[in-house]
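Below you'll find the structure, written out as structure tokens, and then a few comments.
The values are calculated or read from the model by the stated rules, or taken from the named source; none is laboratory data. On a predicted model such as this, the values are computed, not experimentally measured, just so you know. In this analysis, Cβ positions are derived from the backbone assuming ideal geometry, glycine residues included, and neighbour counts consider all displayed protein chains. The protein model used for the area step is the full one, side chains on, heavy atoms only, and it has no ligands, DNA or RNA in it. Shrake-Rupley method; radii C 1.70, N 1.55, O 1.52, S 1.80 Å.
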Amino acid sequence: MSDFIFRTVPTSVPVTPEMRAWQDAVRLGFGMSDGPDEAYDHWAVDVVADGYRLDAAYATPPALAPVAELEQPVATFASGAKTVNVGGGRLEPALFISEVTVRTTHRRRGLLKRLMLDALTRAKADGLALATLTASEGAIYGRFGFGISTEHRSVRLDTGPRLAWSREVEPRVVLTPAADSQAVREEVFARFHARTRGSHERPHFYAKSKTGVWEYDTDSAHRELRVAVHWDADGAPDGVLTYAVNESEQSVRVWDFVTAGAEAELALWQYLGSIDLVTGVVFRHLGPDSPLRWALADPRVLTTTGVEDYTWTRLLDVPGALQARGWDADGEARLEVIDPLGFAAGTWRVAASAGRAEVTRSTDAPLRVEARALGSLYFGLADARALAQAGQIHGPDDEVARLAALFRTDTAPYNLAAF
Ligand SMILES: CC(C)(COP(=O)(O)OP(=O)(O)OC[C@H]1O[C@@H](n2cnc3c(N)ncnc32)[C@H](O)[C@@H]1OP(=O)(O)O)[C@@H](O)C(=O)NCCC(=O)NCCS
């Protein structure tokens, strides 16, 4: 690592040349082109609003390399604290990690490992019990103790003549200009976030991307966005749908769909199903407990087109994370957490009752649980029995079944934030 200088890039608005070079490195790492000036201006506002820390590695220049080489990071790593819903209506701060890149010419020399270990060590020292991220590739983060913790399901709803509803919902839906929709979206998202296990707080860029002001994927404003809001019987907003019609394909793409209850969700699906000149609707984040399928006269008009990992979570502090968690089952388990990086290592007794758990040190345990498995159990996504069959948990079947029952949740985790 002596060939590298590690630095934290100070953040500000307006964007500085150093920030710009950092963002250029991210774009290089993800195979994107350099952006227009506006993209850097938007990004600087977001990074400052989120309070993100931008870490970078710079290569010390070989004798004949141009000086500019030193000013371009060869690795980037962003992180900051935001909340996740850990069940029982509780929001817990976690380290959100994003914009992880290493330049092709410097890969597999341990740069990601160094930046990750530094960030996790700081986060633990700061008292954060959890770290979380989304992954571009599935094989990167398990070794760092992250396990898949939420998934997302992509669907297509055919809205042709076969679409009919087994139950019609009162259509309290009003269209609003996308540019004016952020306040209502924030209000509904806050309700969703507070009630949904596995929900991650949204970073600031959502305020721009869902209002059409700026879309990072295309480096441009998004003028096709339409927004429909659902109001509950008391006149409060409880659902916001953001979508765009693709005229040539006669389809609708849902860009955002946040609700604080099933009535709002069904009402907005029924609104989508009645848009004229369209034969299908696609959406990437149907909730695991969505009533949509069950409200269709012909359930086969709904097709799941993919299920993918969404967030990956790792525990930094086992008692802290498990005592913050909301527990839907009562029970007890003793487990040794295997964590080569050390953060979560230890032998613990977990005793849950009436929604809370007490976690204490234990001298022995019948179960050995890998850190990544604990990440997949945390929001209730994975069943401990499946993780044991997959070799991530070791111990007798009855103890594994006891662990599975202990971590069982009443609802599947659901997340609507990318970062
Ligand atoms: C993924 C990426 C950040 C890895 O950076 P890196 O500096 O090469 O990683 P490191 O050298 O620190 O690797 C640490 C370990 O992870 C392994 N690893 C790294 N990337 C991996 C990958 N894509 N798949 C499988 N294993 C990987 C390394 O082999 C190494 O294993 P070891 O400790 O057993 O030797 C880099 O390849 C990259 O920038 N890719 C493109 C952008 C991207 O996908 N970023 C991730 C966003 S979520």
Q: Starting from region 100-123, keep only residues that are of a type in the set (Gly, Ala, Ser), then list their pairs with residues that are more than 7 Å from the ligand (Cβ to nearest atom) and open to solvent by 30 Å² or more (accessible area, probe 1.4 Å) whose Cβ atoms are within a distance under 8 Å, requiring at least 6 positions of separation or different chains.
A: Gly110/Met1; Ala123/Ala81
(Q) Here is a check on your reading of the model: is Asp276 surrounded by fewer than 18 Cβ atoms within 10 Å (Cβ to Cβ) and not assigned by TED's automatic domain parsing to the domain that holds Phe343? (A) yes
Q. Residues in region 344-373 that are in contact with a Gly (Cβ under 7 Å, 6 or more places away or on another chain) and under 22 Å from Phe146 (Cβ atoms): how many?
A. 6
Q. Which one of the conditions (1) touching a Ser or Thr at 6+ places or on another chain (Cβ under 8 Å); (2) open to solvent by 60 Å² or more (accessible area, probe 1.4 Å) does Ser181 fail to meet, given that it meets all the rest?
A. (2)
Q: For residues that are in a loop (DSSP other than H, G, I, E, B) and near the ligand (Cβ under 10 Å from one of its atoms), scanning just region 16-32, find the one that is farthest from the chain's Cα centre (by Cα).
A: Gly31
**Q.** Residue, farthest from the ligand (Cβ to nearest atom), within region 76-100, restricted to residues that are buried (at least 23 other Cβ atoms within 10 Å of the Cβ) and closer than 16 Å to Gly31 by Cβ
**A.** Thr76
Q: Go through (1) without any contact (Cβ under 8 Å) to a residue 12 or more places away in the chain; (2) in contact with a Pro (Cβ under 7 Å, 6 or more places away or on another chain) and name the single condition Pro366 misses.
A: (1)
Q. Tally time: how many residues in region 285-302 are outside any helix (DSSP H, G or I) and open to solvent by 60 Å² or more (accessible area, probe 1.4 Å)?
A. 3
Q: Could you pull out the residue among Glu370, Glu332, Glu358, Glu336 that is within 24 Å of the chain's Cα centre (by Cα) and not hydrophobic (A, V, I, L, M, F, W, C)?
A: Glu370
